[in-house]
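The values are calculated or read from the model by the stated rules, or taken from the named source; none is laboratory data. All of these numbers come straight from a predicted model, not from anything done at the bench. Backbone-built Cβ (ideal geometry, glycine too); neighbour counts: all protein chains shown. When the accessible area is computed, the model is the full protein with side chains, heavy atoms only, and any ligands, DNA or RNA have been set aside. Shrake-Rupley method; radii C 1.70, N 1.55, O 1.52, S 1.80 Å.
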Amino acid sequence: MTKRRALLSVSDKRGLIEFTKGLVDRNFELISTGGTYSTLKNAGIEVKQVSEITGFPEIMDGRVKTLHPAVHGGILANRSIPAHLEALEEHKIKPIDLVCVNLYPFKETIAKPDCTEALAIENIDIGGPTMLRSSAKNFKDVIVTVDPADYPAILEKLSEGTDDYEYRKELAVKVFDHTATYDRQIVNYFVDENIELSYTSKETLRYGENPQQKAYFYKELNPADNTIAGAKQLHGKELSYNNIRDADAALEVVKEFTEPAVVAVKHMNPCGVGIGQDVFEAYSNAYEADPVSIFGGIIALNREVTKQVAEEMSKIFLEVIIAPSFTEEALEVLTKKANLRLLTCRPEKSEEETMQYVSVSGGLLAQTVDSLGLGDADLKVVTEKQASAEEEKAFALGWKVVKHVKSNAIVLATATRTIGIGAGQMNRVGSAKIALEKLEGQEGVILASDGFFPMGDTVELAAKYGIKAIIQPGGSIKDQESIDEANKAGIAMVLTGIRHFKH
């Protein structure tokens, strides 16, 4: 039986020996370059150098080694076109049936503090992307891989004879995505105003925000385990477009807390947030914050779900529960609901600065994440009255929540839970009315506003409902009007100097 030929040139040598041994067992002849050739030769694997195939040595410190018709003719020949086969015969070129390449570590190189531009340039791969693109273009005839994680499946499909058109196309698409990302990294190095976006996994959703809309979930190649894309689903039916958006919103709110915390979200806004000495107390507080709106909501917790909490949550209809983990007893309780989606995810903020992207007609908006908290603020008490210790604790909770509520945002909170949330109204008084109508005689309630008060009317309204402490950014040309209203009503007011608009 005629041997097939595999060309291998990799900087990442994970799994290489096992893979090439598997290829030899499946009647492949191996061709390789430089360091890959040495690695295989030292492992006792029979392999030919590319220079034996091309009849031309590697030159210019390895810059030119695979850029040769004997290589690319063997890769690009369309086996179903007689003229291509005749050209192979005429020029004594043998077909190449499998290409395994991964590229010079450009991203890793430029990440080093001592990386110079000259070193970065030397780590721009030329032959590798060219071989990958050639192979991916001719995927009908050539198996191509750029990822060591693909090696076992390729060997298995070769054994079974199931390396069919669709599978090869899947590998080719992965390659084109990889080379596009690689090129974008190079552009970003030289022009740092550019952004790098690479999504390699596409999941078709049942529909979008509404049944008439098609929807897809694109994920990064290796999404972090503190993101919705990186979350693991343990149970329940598939996530919908709205589930994913709401779960993401809930996760981002619960990341604000280090103490046991529970967040309930409806339609991208928190409807109840609670903290406590343990997760059960936190859930109880979140539920009591708004026992009506939590129905049909998404719950995020930053502690393991216990049986006690699971039993309480199972009493109402919920769409999604996301937590770092679930006890076995909790899973026994919650998995009785066939459609309830259970996700695990690490509810912690990223240490490095991250970007947010929003599509608009014909373009993309990008901004850094709003990472500032109360600890970053230069707090100023601007009223005659000072906030009490209990009200200061309530400020901490209210300020963490208000930054995640659609502007104009007003949050009423105690030291342990939200009381009322007014979101997304066209004026701040409208949001305040929605929040204040939830007030039912609770003590120690503060009002948090994501933006300044353009005039004193919001403070005047808060005073009518008995609010005794307000936290807001300040910065209005009419700040004094709001301060005067607060002094008139005996309200303590603190300015943060930080705005938290969320659109």
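When Phe395 is tested against (1) outside any loop (DSSP other than H, G, I, E, B); (2) among the aromatic types (Phe, Trp, Tyr); (3) open to solvent by 20 Å² or more (accessible area, probe 1.4 Å), exactly one condition is not met: (3).
The test for being within 18 Å of Arg14 (Cα to Cα) and open to solvent by 50 Å² or more (accessible area, probe 1.4 Å) holds for Glu108.
What pairs come out if I take residues in the stretch 474-503 that are farther than 24 Å from Leu372 by Cα and pair them with residues that are in a loop (DSSP other than H, G, I, E, B) and among the hydrophobic types (A, V, I, L, M, F, W, C) whose C-beta lies under 6 Å away, six or more apart or interchain? Once the first residue is farther than 24 Å from Leu372 by Cα and sits in the stretch 474-503, its partners that are in a loop (DSSP other than H, G, I, E, B) and among the hydrophobic types (A, V, I, L, M, F, W, C) give Lys478/Met455; Glu481/Met455; Ser482/Phe453; Ile483/Val382.
How many residues, within the stretch 234-246, are of a type in the set (Asp, Glu) and either free of Cβ contacts under 8 Å to residues at least 12 places away in the same chain or not in a helix (DSSP H, G or I) (or both)?
Of the residues in the stretch 234-246, the ones of a type in the set (Asp, Glu) are 238, 246.
Cutting the leftovers down to either free of Cβ contacts under 8 Å to residues at least 12 places away in the same chain or not in a helix (DSSP H, G or I) (or both) gives us 238.
The total comes to 1.
Scanning the stretch 9-24 for residues that are out of contact with any Pro (no Cβ under 8 Å at 6 or more places or on another chain), part of a strand (DSSP E or B) and at pLDDT below 90 turns up at least one hit. Condition first: surrounded by fewer than 24 Cβ atoms within 10 Å (Cβ to Cβ), on the phi > 0 side of the Ramachandran plot and out of contact with any His (no Cβ under 7 Å at 6 or more places or on another chain). Can you find one or more residues in the stretch 436-444 that meet it? Yes, that holds for at least one residue.
Annotation: of all residues in the stretch 85-101 being out of contact with any Gly (no Cβ under 9 Å at 6 or more places or on another chain) and in a helix (DSSP H, G or I), the one that is least open to solvent (accessible area, probe 1.4 Å) is Leu85.
Being crowded, with 20+ Cβ neighbours inside 10 Å and either touching a strand residue (DSSP E or B) at 6+ places or on another chain (Cβ under 6 Å) or of a type in the set (Asp, Glu) (or both) is a property that holds for Thr383.
Checked against the criterion of being aromatic (Phe, Trp, Tyr), touching a residue at least 40 places away in the same chain (Cβ under 8 Å) and either assigned to a helix (DSSP H, G or I) or under 21 Å from Val173 (Cβ atoms) (or both), the candidates Tyr104, Tyr151 yield just one match: Tyr151.
Would you check if there is a residue in the stretch 220-233 being in a helix (DSSP H, G or I) and open to solvent by less than 80 Å² (accessible area, probe 1.4 Å)? Give the derivation first.
First, the residues of the stretch 220-233 that are in a helix (DSSP H, G or I): none.
No, there is no match, as no residue in the stretch 220-233 is in a helix (DSSP H, G or I) and open to solvent by less than 80 Å² (accessible area, probe 1.4 Å).
Report, by residue number, each residue of the stretch 118-144 that is small (Gly, Ala, Ser) and surrounded by fewer than 20 Cβ atoms within 10 Å (Cβ to Cβ).
Within the stretch 118-144, the subset small (Gly, Ala, Ser) is 118, 120, 127-128, 134-136.
Of everything in the stretch 118-144, those that are small (Gly, Ala, Ser) and surrounded by fewer than 20 Cβ atoms within 10 Å (Cβ to Cβ) turn out to be Ala118, Ala120.
Residues in the stretch 372-410 that are at pLDDT 95 or above and of a type in the set (D, E, K, R): Lys380, Glu384, Lys385, Glu390, Glu391, Glu392, Lys393, Lys400, Lys403, Lys406.
Of all residues in the stretch 27-55, those that are surrounded by fewer than 15 Cβ atoms within 10 Å (Cβ to Cβ) and either assigned to a loop (DSSP other than H, G, I, E, B) or in contact with a Phe, Trp or Tyr (Cβ under 7 Å, 6 or more places away or on another chain) (or both) total 5.
Please enumerate the residues belonging to the stretch 252-264 that are under 9 Å from His404 (Cβ atoms) and either acidic (Asp, Glu) or not in a helix (DSSP H, G or I) (or both).
Of the stretch 252-264, the ones under 9 Å from His404 (Cβ atoms) are 252-253, 256, 263.
Within the stretch 252-264, Glu252, Glu256, Val263 meet the criteria.
Listed here are the helices (runs of 4 or more DSSP H) enclosed by the stretch 270-353 that have at least 1 residues being closer than 19 Å to Glu259 by Cβ and open to solvent by less than 20 Å² (accessible area, probe 1.4 Å): 279-289, 307-313.
Just give me the residues in the stretch 469-490 being over 17 Å from Val429 (Cα atoms) and of a type outside the set (Gly, Ala, Ser), in sequence order. Break it down into steps so the answer makes sense when it comes.
Step one: filter the stretch 469-490 for residues over 17 Å from Val429 (Cα atoms), giving 475, 477, 480, 484, 487-490.
If the condition is that a residue be over 17 Å from Val429 (Cα atoms) and of a type outside the set (Gly, Ala, Ser), then Ile477, Gln480, Asp484, Asn487, Lys488 are the ones that fit.
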